[in-house]
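Let me begin by presenting the structure, written as structure tokens, before commenting on it.
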Amino acid sequence: MQVPLLDLKSQYQSIKQDVMKVTNEIFESQYFIMGPHVIRLEQEIAAYCGVKHAVGVSSGTDALLISLMAAEIGKGDLVITTPYTFFATVGSIMRVGARPVFVDIDPDTFNIDPEKLEKLLNDMDAEKRTHIKAFIPVHLYGQCADMNPIMAIAQKYGIVVIEDAAQAIGAEYQGKRAGSIGDLGCFSFFPSKNLGAFGDGGIVTTNSDDLHNKLSILRSHGAKPKYYHKIIGGNFRLDALQAAIVSIKLKYLDAWTQARQENAARYNSLFQEAGLDEWVVLPTVTQDRHIYNQYIIRLKKNRDQLRQFLQEEGIGSEIYYPMPLHLQECFADLDYQKGDFPVAEQAALQTLALPIYPELTSDQQDYVAAKIKAFFKRGEM
Ligand SMILES: *Cc1c(COP(=O)(O)O)cnc(C)c1O
């Protein structure tokens, strides 16, 4: 049996007719950049996330970059984030000329540990603390970071909060949607995200009229009116085709999320029945609505051997992420060392993402669980 990590082809079949209709319409109109489809998607996403404004942009990475620009983060500024995230979170901080300051993660959720964040800020000398201008908590794998303490510390020190919600559209924290808690929320429509476009795309959410205005101007080279530039922006525009396709998919998102949650519950019981406690740690759910962009297990040993074995048996899996960001070569001059963030470093050695996409069948899940059991219990059988 083949069980790919992600199968977008079957999902496409369910939306194909609508997609063909709208793409044809856009081709006939020859109106490709921004326009009514983008405006409509912005309204729909703002409503879905429970915020006042959304600004469509060219990718999740650009959502982070433009958010940092709108918050006027730049040279000499420090931004606190997690070393255990996709590269873009930290790459964007560096690209605006600021520097990241890492805080280790919580071992159960893989999200930034608010106690360590608080300790870092309280222990920091006051001069250095004035340079901390933003926090970027990441809602990794589809579960929100513990936002209340993060928001409290941000308020105490007057720090901007930019949520990296690229993996977490529709995830909730105490009844609030991801992207509606901080000052800005960044989403990605990369095809493998829960709400993916047919190419690159992203969106920024905010409740602030002022930030919304800045984002709109920065998105088109900082021009307002056209050809008159008070600030320097970039080309961060979303195109009409991507917006129209994402808008079609948004109608299905809650059903897809529910299917992912059901798959996760099914895996949990299959693994429990298989008696794998000695080797496998199942995902810890601490927040209201985990949307399972990834279903992550932690292997106490033999992670890489298991992955190899699964591959030979036709099962896709992935390691998100094999090297924490403080140890990346391109960030060597930040002067972090191995051992600085032991929880993130251990996660990088132990985590494995299993197929969780909505169309995954129960037969496929049984097969995955049976193969993992066979791998660990082969000596006993
Ligand atoms: C995917 C992702 C991004 C970047 O999104 P792109 O659309 O690929 O640029 C940023 N942060 C996190 C946590 C992501 O998972």
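On the phi > 0 side of the Ramachandran plot and assigned to a loop (DSSP other than H, G, I, E, B) - does that describe any residue in segment 47-54?
Looking only at segment 47-54, we keep the residues that are on the phi > 0 side of the Ramachandran plot, and these are 50.
Checking the rest, the ones that are also assigned to a loop (DSSP other than H, G, I, E, B) come to 50.
For segment 47-54, residues on the phi > 0 side of the Ramachandran plot and assigned to a loop (DSSP other than H, G, I, E, B): present.
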Members of segment 8-18 that are open to solvent by less than 50 Å² (accessible area, probe 1.4 Å) and either among the charged types (D, E, K, R) or not in a helix (DSSP H, G or I) (or both):
none
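Looking at Val90, Val96, which one is assigned by TED's automatic domain parsing to the domain that holds Tyr173 and either surrounded by 24 or more Cβ atoms within 10 Å (Cβ to Cβ) or closer than 19 Å to Asp340 by Cα (or both)?
Testing whether each residue is assigned by TED's automatic domain parsing to the domain that holds Tyr173 and either surrounded by 24 or more Cβ atoms within 10 Å (Cβ to Cβ) or closer than 19 Å to Asp340 by Cα (or both) leaves just Val90.
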With the checklist (1) within 19 Å of the chain's Cα centre (by Cα); (2) part of a helix (DSSP H, G or I); (3) under 24 Å from Glu318 (Cβ atoms) in hand, flag the one item Leu68 doesn't pass.
(3)
What are the residues in segment 212-231 that are of a type outside the set (Val, Ile, Thr), in contact with a Gly (Cβ under 8 Å, 6 or more places away or on another chain) and within 14 Å of Met69 (Cα to Cα), if any?
Leu218, Arg219, Ser220, His221, Gly222, Lys230
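Please go through segment 179-231 and give me each residue that is of a type in the set (Ser, Thr, Tyr) and within 16 Å of the ligand (Cβ to nearest atom), ordered by number. So that I can check it myself, show each step before the final result.
Going through segment 179-231, the residues of a type in the set (Ser, Thr, Tyr) turn out to be 180, 188, 192, 205-206, 208, 216, 220, 227-228.
Ser188, Ser192, Thr205 - these are the residues of segment 179-231 that are of a type in the set (Ser, Thr, Tyr) and within 16 Å of the ligand (Cβ to nearest atom).
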Using the structure shown, decide if Val79 is open to solvent by less than 10 Å² (accessible area, probe 1.4 Å), within 25 Å of Val246 (Cα to Cα) and either of a type in the set (A, V, I, L, M, F, W, C) or assigned by TED's automatic domain parsing to the domain that holds His37 (or both).
no
Residues to consider are Tyr84, Tyr12, Tyr31; find the one that is within 16 Å of the ligand (Cβ to nearest atom) and of a type outside the set (Gly, Ala, Ser).
Tyr84
Has segment 92-101 got at least one residue that is within 18 Å of the chain's Cα centre (by Cα), under 16 Å from Ile159 (Cα atoms), away from the ligand (no atom under 14 Å from the Cβ) and not in a helix (DSSP H, G or I)?
no
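The values are calculated or read from the model by the stated rules, or taken from the named source; none is laboratory data. Just so it is clear, the structure is predicted and the values come from calculations on it, not from any experiment. Please note: Cβ atoms are built from the backbone with ideal geometry, for glycine as well, and neighbour counts cover all protein chains shown. Note: areas computed on protein heavy atoms with side chains; ligands, DNA, RNA excluded. Shrake-Rupley method; radii C 1.70, N 1.55, O 1.52, S 1.80 Å.
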